[in-house]
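Since the structure comes first, as structure tokens, the remarks are kept for the end.
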Amino acid sequence: MSDNVHTPVDANRLARERSYIEGRLDLSRLLRLADLLVDDSGEVSYRVQGTTTETGHPALRLDLHAKLTLVCQRCLEPVDVSIDTRRELVLAENGNAFDPDDGEDDDTDVIPAAEATHLEDLLEQELVLSLPMVPQHDEGRCPVLLKREQPDGRVSPFSVLQGRKGQ
Ligand SMILES: [Zn+2]
């Protein structure tokens, strides 16, 4: 199987043959995503595995791994976010929708097979969906806030009390 996601693939065939495509994509190629990034150097590694669901539908299982630099919504400084996502996309024939909740889990979506021919678009869409709604540093880890909270810069209620004692 080719590792080229830039040319159209037959997603149904991929599923039927249970073959896979894997590789890496430069983040700078993913224009919709790049808008959200502080730094679009780096890449996303992916694997698209053809498979069949328990209910017998052809499907693609997407695995994505990337380290992205987003803007922390608390301090507006860059924050590194690791993306580790797996999603199953069930392939529906065009105009032949079916209930996606028939025994599949939450990480499952149904898409028209025709939409799955452009894997690069598909991967980018999944990556955008995997981004945290509010990217931010871990609690108390914002570099700017940390500086502001240095002990010498802050007035502790205890030091105020101590000051009063001496009066
Ligand atoms: Zn922050």
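When region 122-146 is examined, which residues are found to be of a type in the set (A, V, I, L, M) and under 30 Å from Gln49 (Cβ atoms)?
The first filter runs over region 122-146 and keeps only residues of a type in the set (A, V, I, L, M), leaving 122-123, 127-129, 131, 133-134, 144-146.
Of everything in region 122-146, those that are of a type in the set (A, V, I, L, M) and under 30 Å from Gln49 (Cβ atoms) turn out to be Leu122, Leu123, Leu127, Val128, Leu129, Leu131, Met133.
Take region 31-76 and flag every residue that is in a strand (DSSP E or B) and more than 26 Å from Ser19 (Cβ to Cβ). Across region 31-76, the qualifying residues are Asp39, Lys67, Leu68, Thr69, Leu70, Val71.
Of the numbered criteria (1) more than 24 Å from Leu36 (Cα to Cα); (2) within 16 Å of the ligand (Cβ to nearest atom); (3) at pLDDT 60 or above, the one Arg148 fails is (3). Screening region 53-81 for residues that are under 11 Å from the mean Cα position of the chain (by Cα) and within 16 Å of the ligand (Cβ to nearest atom) and picking the one that is surrounded by the most Cβ atoms within 10 Å (Cβ to Cβ) gives Leu68.
Go through region 116-133 and count every residue that is hydrophobic (A, V, I, L, M, F, W, C), in contact (Cβ under 8 Å) with a residue 60 or more places away in the chain and part of a helix (DSSP H, G or I).
Residues of region 116-133 that are hydrophobic (A, V, I, L, M, F, W, C), as a first pass: 116, 119, 122-123, 127-129, 131, 133.
Within this subset, residues satisfying the condition of being in contact (Cβ under 8 Å) with a residue 60 or more places away in the chain are 116, 119, 122-123, 127-128, 131.
Right, trim to part of a helix (DSSP H, G or I) and you get 116, 119, 122-123, 127-128.
Number satisfying all stated conditions: 6.
For region 37-46, does any single residue satisfy the condition of being surrounded by 14 or more Cβ atoms within 10 Å (Cβ to Cβ), in contact (Cβ under 8 Å) with a residue 40 or more places away in the chain and closer than 19 Å to Val110 by Cβ? For region 37-46, residues surrounded by 14 or more Cβ atoms within 10 Å (Cβ to Cβ), in contact (Cβ under 8 Å) with a residue 40 or more places away in the chain and closer than 19 Å to Val110 by Cβ: absent.
The values are calculated or read from the model by the stated rules, or taken from the named source; none is laboratory data. Not measured: the values here are computed from a predicted model. Positions of Cβ are generated from backbone atoms using ideal geometry, with glycine treated the same way; all protein chains shown enter the neighbour counts.
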